[in-house]
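First up is the structure itself, then whatever we jot down about it.
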Amino acid sequence: MSAIRLMRQLLAAFVFMLGAGAASAAIITIDFDEIEGYIVDSYAESGFIITSLSPEGGRLHPGGRNLWLHSSAGSSPYQIRREDGGSFDLLGFEYFGGDSLFVADTGASFEILGEVPLTHYELPDSFRNVSYINWYMNTLNPDDPWGEEWGNIDNIVTRVSPVPEPAHTMLFGLGLAALAAVTRRPRKA
C-alpha cells in the first residue's frame, strides 16, 4: 500500500471520527419557571431573550411560570430571539387564549384564530433558521378600551446549532494540511 493511499485512509478515518464526535444541535425549552413580577421589561432564559416591541416600552406580563400577552396598547408585539443574535429553529409551544400571529424575520407566519384551550402547536419548517419571532395579538374592538384579547404561551421549544469547538476545527485543519503535504508531488525539471 502506498504512503499516499495510507494517508488518505487515515485522513478519511480522522474526518469520520471528527464528525462523529462533533456536538449535535441542542433542544432548548423556554419554560418561564423563573419569571416573576407583574410587568417586566424583558425576560431571559437559556440564551434567549423576550422583549416587548411596544412604542410605550417593555411590558411583559408574567403569568405564574408562563407568559401572557394582551392586545391593548402598551403590550403587543413581543419578540423572541437569541441573546447572542444567532439563528435558531422554533419547533413548537403550548398556547391558550385568543387570536395570535407569529411572524419570523424570514417572513414565515403562523396564525391561531379564535379562543383555543391549552394546545401544543408544532411549527412548520418555515420557522427553521430564523433570527427572531414576533408575537402579535389582534384587538377585537379598538374602540372598546376593554375589548382586548389575551393569550398565554409556555414551553417554547427551540433548536440551536452548536458552535464548532476550536479543538475540532484545528484538528480538521491540520488533517487537511497533512493531506495536502502528502499529495504534493515533486515537479519534474
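Looking for something modelled with pLDDT of 85 or more and small (Gly, Ala, Ser) - is there at least one such residue anywhere in region 2-18? For region 2-18, residues modelled with pLDDT of 85 or more and small (Gly, Ala, Ser): absent. Residue count for region 93-125, restricted to those that are assigned to a strand (DSSP E or B), without any contact (Cβ under 8 Å) to a residue 40 or more places away in the chain and within 18 Å of Ser54 (Cα to Cα): 4. Go through region 120-151 and report how many residues are of a type outside the set (Phe, Trp, Tyr) and at pLDDT 95 or above. Number of matching residues: 12.
Do we have Ser76 as in contact (Cβ under 8 Å) with a residue 60 or more places away in the chain and either in contact with a helix residue (DSSP H, G or I) (Cβ under 7 Å, 6 or more places away or on another chain) or closer than 18 Å to Asp41 by Cβ (or both) here?
yes
Residue count for region 63-121 under the criterion of being surrounded by fewer than 14 Cβ atoms within 10 Å (Cβ to Cβ) and of a type in the set (Gly, Ala, Ser): the result is 6.
The values are calculated or read from the model by the stated rules, or taken from the named source; none is laboratory data. Everything numeric here is computed off the predicted structure, so don't read it as measured data. Positions of Cβ are backbone-derived with ideal geometry, glycine not excepted, and every protein chain shown enters the neighbour counts.
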